[in-house]
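Enquirer: What follows is a single structure, and I will ask about it in a moment.
The values are calculated or read from the model by the stated rules, or taken from the named source; none is laboratory data. Because the structure is predicted, anything quoted here is derived from the model rather than measured. Here the Cβ positions follow ideal geometry from the backbone for every residue, glycine too, while neighbour counts run over all protein chains shown. Just so you know, the surface numbers come from the protein's heavy atoms only, side chains and all, with ligands and any DNA or RNA stripped out. Shrake-Rupley method; radii C 1.70, N 1.55, O 1.52, S 1.80 Å.
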Amino acid sequence: MRTNVHKLKMDDKIESAVELMEKERLRHIPIVADDDTLIGIISDRDVRDARFSIFSNKRLDAILQKPVKEIMKTEVFTVHPLEYVADVASMLSEHQITGAPVTVDDKLVGMITGRDLLDTLVQLMGADQPSSQIEVKVSDVSGQLADVTAIFKHHGINVTSMLIYPDKQSDYKILALRVQAMDIRAVLASLKDEGYEIASPSIPNMERPSDYD
């Protein structure tokens with residue numbers, strides 16, 4: 001979450017919200033009381049709907065002088081700082097929103113957005129570091145994960161992150177492993193020798209390196 005949150009008071013003008021959104025490229029601004037109690041939120045869509053009439057393409061600039069309390073939403077979806085990232089992402093998706101205030105005892109302490117979640121996913125997956133991703137199709141039985149990772153250990157390849165998700169085409173699971181290696185031909189060959197199907201990457205005519213032992 002971001003703790004340096006741009007916020008407004010309910011009596012601030014809509015014009016201030018517009019300027020803040022344009023300057024900081026914000027899609028949501030939480031509205032707080034003097035003690036930082038969260039009382040509402042406005043989105044870029046709220047501002048857009050207020051500035052333009054559905055019956056005209058002309059801006060209603062007089063609206064800009066009204067307070068944000070005229071357009072803010074008071075039913076606000078919030079999250080707690082100790083919520084797990086995956087749970088927050090699921091909740092944002094379920095509610096079809098792109099951001100949420102983070103509160104403790106109704107006090108605003110941060111803000112989390114879809115962009116924050118995306119950046120976190122990249123870091124958790126290790127995709128921001130030099131690495132390779134290998135996706136292995138395995139049967140849904142006990143011990144498959146240990147067997148696959150043992151092959152990586154044999155090749156001295158460190159697994160930095162991993163996801164497990166169901167294969168949509170079968171009853172199998174997909175192990176998506178991010179590894180600290182750029183040349184993965186040898187480990188791919190070993191996986192295939194052990195009977196595993198490589199879901200990704202697809203390397204036609206893959207040959208075992210000549211120095212592979």
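Enquirer: Which of the residues belonging to the stretch 5-34 are part of a loop (DSSP other than H, G, I, E, B) and more than 18 Å from Ile63 (Cα to Cα)? Please lay out each step first, then the result.
Expert: Restricting attention to the stretch 5-34, the residues satisfying the condition of being part of a loop (DSSP other than H, G, I, E, B) are 5-7, 10-12, 25-27, 33-34.
Correct list: Val5, His6, Lys7, Arg25, Leu26, Arg27, Ala33, Asp34.
Enquirer: Let me ask another. Going through the stretch 137-148 one residue at a time, which ones are of a type in the set (A, V, I, L, M) and part of a strand (DSSP E or B)? So that I can check it myself, show each step before the final result.
Expert: We begin by selecting, within the stretch 137-148, every residue of a type in the set (A, V, I, L, M); these are 138, 141, 145-146, 148.
Across the stretch 137-148, the qualifying residue is only Val138.
Enquirer: Also, I was wondering about something else. For the stretch 108-121, what are the residues that are open to solvent by 80 Å² or more (accessible area, probe 1.4 Å) and touching a Leu at 6+ places or on another chain (Cβ under 7 Å)? Before you say what the answer is, go through the steps one by one.
Expert: Narrowing the stretch 108-121 to residues open to solvent by 80 Å² or more (accessible area, probe 1.4 Å): 115, 118, 121.
Result: no residue meets the conditions.
Enquirer: Okay, moving on. Of the residues Gly126, Gly110, Gly99, Gly143, which is in contact (Cβ under 8 Å) with a residue 40 or more places away in the chain and within 23 Å of Leu177 (Cα to Cα)? Give the derivation first.
Expert: Numbers: Gly110 fails: within 23 Å of Leu177 (Cα to Cα); Gly99 fails: within 23 Å of Leu177 (Cα to Cα); Gly143 fails: in contact (Cβ under 8 Å) with a residue 40 or more places away in the chain.
Checking each option against the conditions leaves just Gly126.
Enquirer: Given the residues Ile134, Ile151, which is the only one that is touching a residue at least 40 places away in the same chain (Cβ under 8 Å) and in a helix (DSSP H, G or I)?
Expert: On the way: Ile134 fails: in a helix (DSSP H, G or I).
Sole residue among the options that is touching a residue at least 40 places away in the same chain (Cβ under 8 Å) and in a helix (DSSP H, G or I): Ile151.
Enquirer: I'm trying to understand the selection: among the residues of the stretch 154-174, which are without any contact (Cβ under 8 Å) to a residue 24 or more places away in the chain and basic (Lys, Arg)?
Expert: Lys168
Enquirer: Which one is nearest to Pro101 (Cα to Cα) among residues in the stretch 117-157 that are within 25 Å of the chain's Cα centre (by Cα) and among the hydroxyl-bearing types (Ser, Thr, Tyr)?
Expert: Filtering first and then ranking leaves Thr120.
Enquirer: If you don't mind, another one. How many residues are open to solvent by less than 80 Å² (accessible area, probe 1.4 Å), under 22 Å from Gln96 (Cα atoms) and out of contact with any Pro (no Cβ under 7 Å at 6 or more places or on another chain) if we restrict to the stretch 7-44?
Expert: Counting residues in the stretch 7-44 that are open to solvent by less than 80 Å² (accessible area, probe 1.4 Å), under 22 Å from Gln96 (Cα atoms) and out of contact with any Pro (no Cβ under 7 Å at 6 or more places or on another chain) gives 10.
Enquirer: Here's a follow-up. Please verify whether Lys73 is under 13 Å from Val32 (Cβ atoms) and either surrounded by 14 or more Cβ atoms within 10 Å (Cβ to Cβ) or in contact (Cβ under 8 Å) with a residue 24 or more places away in the chain (or both), treating the condition exactly as stated. Steps first, answer last, please.
Expert: Working: under 13 Å from Val32 (Cβ atoms): no; either surrounded by 14 or more Cβ atoms within 10 Å (Cβ to Cβ) or in contact (Cβ under 8 Å) with a residue 24 or more places away in the chain (or both): yes.
So Lys73 fails the test.
Enquirer: OK, next. If I filter the stretch 62-93 down to residues being over 17 Å from the mean Cα position of the chain (by Cα) and among the aliphatic types (A, V, I, L, M), which single residue comes out as farthest from Arg45 (Cα to Cα)?
Expert: Ala62
Enquirer: With the structure loaded, tell me whether Ala86 is surrounded by 11 or more Cβ atoms within 10 Å (Cβ to Cβ) and more than 28 Å from Val122 (Cα to Cα) or whether it fails that test. Steps first, answer last, please.
Expert: Working: surrounded by 11 or more Cβ atoms within 10 Å (Cβ to Cβ): yes; more than 28 Å from Val122 (Cα to Cα): no.
Answer is no for this residue.
Enquirer: OK, next. Limited to the stretch 86-131, what total is found for residues that are small (Gly, Ala, Ser) and in a helix (DSSP H, G or I)? Working first, answer last.
Expert: So the first thing to find is which residues in the stretch 86-131 are small (Gly, Ala, Ser), and the list is 86, 89-90, 93, 99-100, 110, 114, 126-127, 131.
The next check asks that each one be in a helix (DSSP H, G or I); those that pass are 86, 89-90, 93, 114.
Qualifying residue count, the stretch 86-131: 5.
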